[in-house]
Amino acid sequence: MGKLETKSARVEGGLAESQERQRRAGGPLAESQERRRYDARSHRASSLDLDPAALHELAQAFVSLTNGHLTRGSEGPVFPDVSGAMLREAFDQPLPEEGEPLPNIVDDCHALLATSRDGGHPRMFGYVSSPATPVGVYGSLLTGALDANVVAWRSAPAATTIERLVVRWLGELVGYGGAEPAGLLTSGGSMSNLSAVLMALRATAPPGADPARRGLWYQGRPPTMYVSDQTHFSSSKAAEVLGVGRDQVRVVPSDDGYRLDPRALDEAIALDLRRGLRPFCVVASSGTVTTGAIDPLAELARVAHARGLWLHVDGAYGALAAAAPEKRHLFAGLAEADSLSLDPHKWLYGPVGCGCLLVRDPAVARDALGGGANYVVKIFEEDPDEAFAFFDYGIELSRPFRALSLWLMLRYYGARRVADAIGDDCALAECLAERVRTSDDFELLAPVTLGICCFRYAPPASRRVLAGGDEAARAAENERLNALNEKIVHRVQRGGRAYLSNANLRGRVALRASITNYRTTIEDLDLTLEAVREAAREVGEGAY
Ligand SMILES: Cc1ncc(COP(=O)(O)O)c(C=O)c1O
């Protein structure tokens, strides 16, 4: 007790002295320091806590902003009518030396919402964009309030338990892993893929190689990995980051349905073995980012495993569609994968910043990534639950509580309702494809497997040339259509009524609509096709 009092007196003395120094120095904070009323024992003037009235005012303001945004409907633009210079001018200000009144800040939050691209708009079809659910949004608020650092059970006992549960639920949703699939939530698909390739590299190292210690120097033969020409670039980037190198990534051609061809894969591996390389990993896709194609997973597992390679399935975009009963059959063979990425922030309508890596064999995952932690984080618990640490399965140490929003959301809506929303997204993509097929000015460019429809604007005159026998004329027409559709996509994006992204499908520029949005309806599809036609009229006048 005596010791503590002495220490507290020292702290008081030190703080008072430092205040006095600042006052005498007359620095920018001197005047406000002077005004402070300060009792070092029970209160500190520099505390950032708020009194109950101010907290209430803050909560009211932000609940009102949040609910206003959640109920905004589809009247506003998907993309704001702004320029870079306008935004710089709107938000530019000097670093605020003193706090500003809350109403000013709230006004600027209104401006922020009004000038943002609306990722949850029902006609936002670009890239892979999905709105967080209201339950997930309020889950994020609670996540912030708890501010747990989910390193290990010791740092966040309940949060760790809940994350492990949610990881198990995610495996169950898509039919991957047994009762206890190992895994963890990550920042997104890129981080999951990076962790998976690292795991593959280590798990397939020759016995005694000790790759964690010796790095790539243990490799007599260059490790080589296999992707298709449709695989998301984050897997090749993982090879770059890990020092495997892009030259050691074989890009195997996909078939007519944009799926990795198992026979071509097997031949590529055999060739590399003959060249003395060390094939170590195949990255298959369960839902390619461009068209949503699903690779033949069961056959790829057979090829990879017969040759001793790790099979990673990148399901960042599409794997969660396996939760929809009508789509589950497309994912046959998924359970054979050694690891699987899937992104709740894409197709479980979770808040951005939430991916997941699942691993079939927890022991292999732990052998590959566990150990190496220094004494500061040494765990003394012996009970396996209490000794659990996420850094034994992934790369991050400090980690946010990503599971909370998912846990709340799955409990609030139930898995069936969420799976229905995913199934409806897929049905809408098919519906869009049907409208494209039955129109005379659109052309479908790829089969629709999940929630992505790739098509282009191709008016009747153009279609006649494309159907003709003159190859040079067909090629020229294709070039014209590519230029036209590039202009269309840009105009649609900046027009604000709908947002499509672009894709290049074997030399043909496509308008790509990806539907991962529980708000989208058939009416939104029709309005989008109208927006495309209008853009075509505006940019293509006189061309046909
Ligand atoms: C198939 C696939 N893999 C990986 C990624 C990367 O995911 P993230 O943006 O969450 O890092 C994406 C992103 O669209 C994707 O579609």
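The values are calculated or read from the model by the stated rules, or taken from the named source; none is laboratory data. This structure is a prediction, so every number in the text was calculated from the model and none was measured. No Cβ is skipped: glycine too gets one built from the backbone with ideal geometry, and neighbour counts run over all protein chains shown. The protein model used for the area step is the full one, side chains on, heavy atoms only, and it has no ligands, DNA or RNA in it. Shrake-Rupley method; radii C 1.70, N 1.55, O 1.52, S 1.80 Å.
Is there a residue being surrounded by fewer than 20 Cβ atoms within 10 Å (Cβ to Cβ) and either out of contact with any strand residue (DSSP E or B) (no Cβ under 6 Å at 6 or more places or on another chain) or assigned to a helix (DSSP H, G or I) (or both) anywhere in the range 227-234? Scanning the range 227-234 turns up at least one residue that is surrounded by fewer than 20 Cβ atoms within 10 Å (Cβ to Cβ) and either out of contact with any strand residue (DSSP E or B) (no Cβ under 6 Å at 6 or more places or on another chain) or assigned to a helix (DSSP H, G or I) (or both).
Read through the list (1) under 24 Å from Gly76 (Cβ atoms); (2) crowded, with 18+ Cβ neighbours inside 10 Å, then give the number of the only condition that Val509 fails. Just one mismatch for Val509, condition (1).
Picking from residues in the range 183-218 that are assigned to a loop (DSSP other than H, G, I, E, B) and open to solvent by 30 Å² or more (accessible area, probe 1.4 Å), the one that is nearest to the ligand (Cβ to nearest atom) is Ser187. Of all the criteria given as (1) within 16 Å of the ligand (Cβ to nearest atom); (2) free of Cβ contacts under 8 Å to residues at least 12 places away in the same chain; (3) aliphatic (A, V, I, L, M), the one not satisfied by Ala158 is (1).
Only residues that are without any contact (Cβ under 8 Å) to a residue 60 or more places away in the chain and open to solvent by 50 Å² or more (accessible area, probe 1.4 Å): list them for the range 388-416, please. Those that are without any contact (Cβ under 8 Å) to a residue 60 or more places away in the chain and open to solvent by 50 Å² or more (accessible area, probe 1.4 Å): Arg411, Arg416. Residues in the range 318-333 that are in contact with an Asp or Glu (Cβ under 9 Å, 6 or more places away or on another chain) and open to solvent by less than 10 Å² (accessible area, probe 1.4 Å): Ala319, Leu320, Ala321, Ala324. Do you know which of the residues in the range 339-355 that are out of contact with any strand residue (DSSP E or B) (no Cβ under 9 Å at 6 or more places or on another chain) and open to solvent by less than 10 Å² (accessible area, probe 1.4 Å) is farthest from the ligand (Cβ to nearest atom)? Looking at residues that are out of contact with any strand residue (DSSP E or B) (no Cβ under 9 Å at 6 or more places or on another chain) and open to solvent by less than 10 Å² (accessible area, probe 1.4 Å), I get Tyr349.
Residue pairs whose Cβ atoms lie under 7 Å apart, separated by 6 or more positions or on different chains, with the first residue in the range 97-126 and among the charged types (D, E, K, R) and the second surrounded by 14 or more Cβ atoms within 10 Å (Cβ to Cβ) and part of a helix (DSSP H, G or I), are Arg123/Asp524; Arg123/Leu527; Arg123/Thr528.
Matching residues to (1) within 14 Å of the ligand (Cβ to nearest atom); (2) touching a strand residue (DSSP E or B) at 6+ places or on another chain (Cβ under 7 Å); (3) assigned to a loop (DSSP other than H, G, I, E, B):
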| residue | (1), (2), (3) |
| --- | --- |
| Ala268 | no, yes, no |
| Ala321 | yes, no, no |
| His329 | no, no, no |
| Ala363 | no, no, no |
| Ala368 | no, no, no |
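Is it the case that the range 290-313 has a residue that's open to solvent by less than 10 Å² (accessible area, probe 1.4 Å), assigned to a strand (DSSP E or B) and either in contact with a helix residue (DSSP H, G or I) (Cβ under 6 Å, 6 or more places away or on another chain) or within 30 Å of Gly144 (Cα to Cα) (or both)? Yes; the residues of the range 290-313 include at least one that is open to solvent by less than 10 Å² (accessible area, probe 1.4 Å), assigned to a strand (DSSP E or B) and either in contact with a helix residue (DSSP H, G or I) (Cβ under 6 Å, 6 or more places away or on another chain) or within 30 Å of Gly144 (Cα to Cα) (or both).
Hey, does the range 472-479 have a residue that's buried (at least 17 other Cβ atoms within 10 Å of the Cβ) and under 19 Å from Cys454 (Cβ atoms)? Yes, because at least one residue in the range 472-479 is buried (at least 17 other Cβ atoms within 10 Å of the Cβ) and under 19 Å from Cys454 (Cβ atoms).
Glu336 - would you say it is open to solvent by 10 Å² or more (accessible area, probe 1.4 Å), away from the ligand (no atom under 12 Å from the Cβ), more than 21 Å from Gly423 (Cα to Cα) and not hydroxyl-bearing (Ser, Thr, Tyr)? Yes: the conditions hold for Glu336. Are there any pairs with C-beta distances below 8 angstrom linking a residue in the range 230-243 that is over 17 Å from Ala316 (Cα atoms) and more than 9 Å from the ligand (Cβ to nearest atom) to a residue that is in a helix (DSSP H, G or I) and open to solvent by 40 Å² or more (accessible area, probe 1.4 Å), with the two at least 6 apart or on different chains, and if so which? Listed pairs, sorted by first residue: Ala239/Arg246; Glu240/Arg246; Gly243/Leu216. Contact map, the range 326-345: first residue closer than 21 Å to Ser190 by Cα, second residue within 16 Å of the ligand (Cβ to nearest atom) and open to solvent by 20 Å² or more (accessible area, probe 1.4 Å), Cβ cut-off under 6 Å, separation 6 or more or different chains; pairs are His345/Val352. Residues that are β-branched (Val, Ile, Thr) and open to solvent by 80 Å² or more (accessible area, probe 1.4 Å) within the range 238-259 comprise Val241, Val251, listed in sequence order. Of all residues in the range 355-382, those satisfying the criterion of being modelled with pLDDT under 85 and among the small types (Gly, Ala, Ser) are Gly371, Gly372, Ala373.
Within the range 161-178, the presence of a residue that is more than 16 Å from the ligand (Cβ to nearest atom), on the phi > 0 side of the Ramachandran plot, open to solvent by 60 Å² or more (accessible area, probe 1.4 Å) and touching a Phe, Trp or Tyr at 6+ places or on another chain (Cβ under 9 Å) is excluded.
When you look at Leu358, is it buried (at least 21 other Cβ atoms within 10 Å of the Cβ), more than 14 Å from the ligand (Cβ to nearest atom) and not in a helix (DSSP H, G or I), yes or no? Against the criterion (buried (at least 21 other Cβ atoms within 10 Å of the Cβ), more than 14 Å from the ligand (Cβ to nearest atom) and not in a helix (DSSP H, G or I)), Leu358 qualifies.
Listed residues Arg274, Arg259, Arg302; which is within 15 Å of the ligand (Cβ to nearest atom) and either among the polar types (S, T, N, Q) or more than 20 Å from the chain's Cα centre (by Cα) (or both)? Residue meeting the stated conditions: Arg259. Do we have Val174 as over 16 Å from Leu340 (Cβ atoms) and under 23 Å from the mean Cα position of the chain (by Cα) here? The answer is no for Val174.
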